[in-house]
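**Student:** One structure is given below, represented as structure tokens, and several questions about it will come after.
Since every read-out is calculated from the coordinates, none of them should be taken as a lab result. These figures come from a predicted structure and were not determined experimentally. Backbone-built Cβ (ideal geometry, glycine too); neighbour counts: all protein chains shown.
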Amino acid sequence: MARKETHAGPFIAQGSIEVVSQPQHAQGSMESQPQSQPQQAEYTKLDAYPMASKERGCFLIVDLQQDKRSEVDCGRLKQLGRTLGFRFIRVKKVATKTEVADLDKFLKRVGEADHSDYDCFFVVVLAFQERVRSLNKYTSKGGEGNIKMDTFITPFTASNSPKLKDKPKIVFVYAPNAGSHQQATDETDADKDENIPNHADFYISVCQPRSPEEAVRLKDGREDGSHFIWNLCRSFTKFQQKYDICSLMSVVNRETIKNMDNDEEVVKKIYWSRSQLTKILTFSKVSEKNE
């Protein structure tokens, strides 16, 4: 007897979860191409991911920071998930050694679940650098970790998650220096074990400020989350109907370095991205026929 697959959305919904209705986009909706430009319409149809599912997919936030700043970031990211049309949104809090050990198993189960009705998979990781300038190792607030990038990639490759094959997988990592982590001694040390997995249909973006980052502050002086997540959510919310994901992240970079005159400071703040997407990815409004 064939094994009955579990749909990924309801599975990921077990725990801290919000199942939300589709957001109403008041402005910025994508207009269909005029009939006088059939070549452009044909190009869009063939070379864009078909983002038409009424449930969009799973939007997972993995919080290894677990402080007041990440609490604000998680709130912003949950709202971003709603804005982008995701119905299944979950914050997965990871802090203890046991929770870190269970993270691989949890992500493996999510990858093996049924994503056939969804457009894509989106995961945002809030962590700390395991070493300054390390591109591939992260840790939790309590120093539990040695968590590698492939922890968030391998479970969702075509061989491990067949129902996500040919669908975009977006992986964002925000991992500032916590202020107490060891500096890599030289380039060889920094680059050791830095092989980032390379698979089709992934978009990976990593922001790793080299020094402890000041929070966004309200007029009354209270902290209001991290600059990267603030810029990310604001840029995506404003332009997600207009730009593809690569263009959106260019906007995030521009906003990140705005008003910075010091080149060294720019290097410390700016993120890097790697795209293995095979088509254009835009978070266009869900088709009305599917709503």
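**Student:** Name the residues whose placed amide hydrogens come within less than 5 Å of the amide hydrogen of Val173, ignoring near sequence neighbours (fewer than 5 apart) on the same chain.
**Tutor:** Close amide H contacts, sequence-distant or interchain: Val125, Ser205, Val206, Cys207.
**Student:** Now for a different question. So if we plug the beta-carbon distance of Ser273 and Arg109 into 1/(1 + (r/R0)^6) with R0 = 25 Å, what FRET efficiency do we get, rounded to 0.05?
**Tutor:** Efficiency, rounded to the nearest 0.05: 0.35.
**Student:** Can I ask one more? Could you pull out every residue, at least 5 positions away or on a different chain, whose amide H is within less than 5 Å of the one on Phe128? Hs are placed 1.01 Å off N in the peptide plane, and Pro or chain starts have none.
**Tutor:** HN-HN under 5 Å from Phe128: Thr139.
**Student:** Here's another thing I want to ask about it. Given the pairs Lys68/Lys167; Lys105/Lys167; Lys78/Lys137; Lys54/Lys108; Lys165/Lys242; Lys141/Lys285, which are separated by over 32 angstrom at their Cα positions?
**Tutor:** Exceeds cut-off: Lys68/Lys167; Lys141/Lys285.
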